[in-house]
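Trainee: Pasting a structure below so you can have a look.
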Amino acid sequence: MSVVKHFIEDSIKKTEIDEFLRNEFERAGYGGVSITKTPLGTHLVIYTMRPGLVIGRGGETIRALATVLEEKFQLPSPQISVAEIEIPELNAYVVASRIASALKRGVHYRRAGFWGLSQAMDAGALGAEIIISGKLRTDRARYEKFREGYLPKSGDPPRKYMRKAELDVQMKPGTLGVKVRLIPPEAKFPDQVKIQIIEEELEKETEREIVEETVVAKEKVTEPEVLPVDEKVVVEEKAAEPEALPVEEKVVTKAKVAEPAAAPVKEKLVTEKKVAKAKVHSTDQKVVTGEKVAKAKVPPVAKKPVAKKKVEKKVAEPKVSPAKKKKASKKKVAKTKAPSAKEKNEAGE
């Protein structure tokens, strides 16, 4: 067997395995398979959205799949592992299968194409292209492209990073083909420019900024100490003003000082009147006290009529001058002396 035939047969076998797995795990969200040959056998990695459906209960489906691949496709000791797709919108197989299922349901091809393109770009793809070909509107076959972003088709980056997928859809007019190409966000291109900032330059810039800030702060501190010539003159004038009082203020202050001097004369007159009144009250009090002393000398028998007379006099004559009071007191003293002499005579008899 020639080398060319060997590679052709190997690629045909991979496509057959891919189709078989896609039909087998369509409900699990099949996203492709990678086949690598090792000295121990062939290693298969199946990418799906739901790995539980691929593994099965206790790994039953994986064992059954390994026996089928070994018998049907003659793969020596296949070792199968399942990987979950983190972002389905960045997987070409998932996007193509969604578009194919939408076309089967009767969705318009343009709507399905733009919907799949917007999903891929929203997920973060650098570029995406979707081609739908076949009998789209008429009996004559044609194709339509839906493209967005940066998507190179030649060179080393597309070989490394581009993700491709092709699916067929059976419709009433005929078969339609869906082709999807994606460039993931982690792709690197040789013409991509990167700006690198050296740390030393950053440190120097920060030091310069710090020095400038310190200089500005020192200037702000020193500015208020130095006053201009005009401000100094104004300050001196303000300091000199309170020392010299105007003439009018002096006159007003003298008048204010002279006014309180006149007050003591009036105060003296008022105090003299108060003293005179106090003396009159004191004389009245002396007369009253004298009468009380005389009353105290009178015996207890004569006290009762005297008290009644006092009450009557006080009620009838509430206003009595001090001179009249003296005469009344003299009469009372004379009366009190007369009954005492009579009593003596009676006592002698």
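Trainee: Please turn the phi angles of segment 154-161 into ³J(HN,Hα) values with the Karplus equation 6.51 cos²θ - 1.76 cosθ + 1.60 (θ = phi - 60°), one per residue in order, whole Hz, x for glycine and proline.
Mentor: After applying 6.51 cos²θ - 1.76 cosθ + 1.60, I find 9, x, 6, x, x, 5, 6, 10 Hz.
Trainee: Which residues' amide hydrogens lie under 5 Å from the amide hydrogen of G41, considering only partners 5 or more residues apart or on another chain, with H built in the peptide plane?
Mentor: For G41, whose amide H was placed from the backbone, there are no distant partners under 5 Å.
Trainee: Looking at segment 32-156 only, what percent of DSSP beta bridges run antiparallel? Nearest 5 please.
Mentor: On the way: 14 of 21 bridges.
Close to 65 percent.
Trainee: Output ³J(HN,Hα) for segment 54-59: one whole-Hz value per residue in order, computed from phi by the Karplus curve 6.51 cos²θ - 1.76 cosθ + 1.60 with θ = phi - 60°, and x for Gly and Pro.
Mentor: Per residue, the Karplus-derived 3J(HN,Hα) values read 6, 6, x, 6, x, x Hz.
Trainee: Now for a different question. State, to one decimal in nm, how far the label point of E209 lies from the label point of I195, with both points 7 Å from Cα in the Cβ direction.
Mentor: 1.6 nm
Just so you know, all these numbers are worked out from the coordinates, no wet-lab data involved. Quick caveat, the model's predicted, so the values are computed rather than measured. Virtual Cβ from ideal backbone geometry, glycine too; neighbours counted across all protein chains shown.
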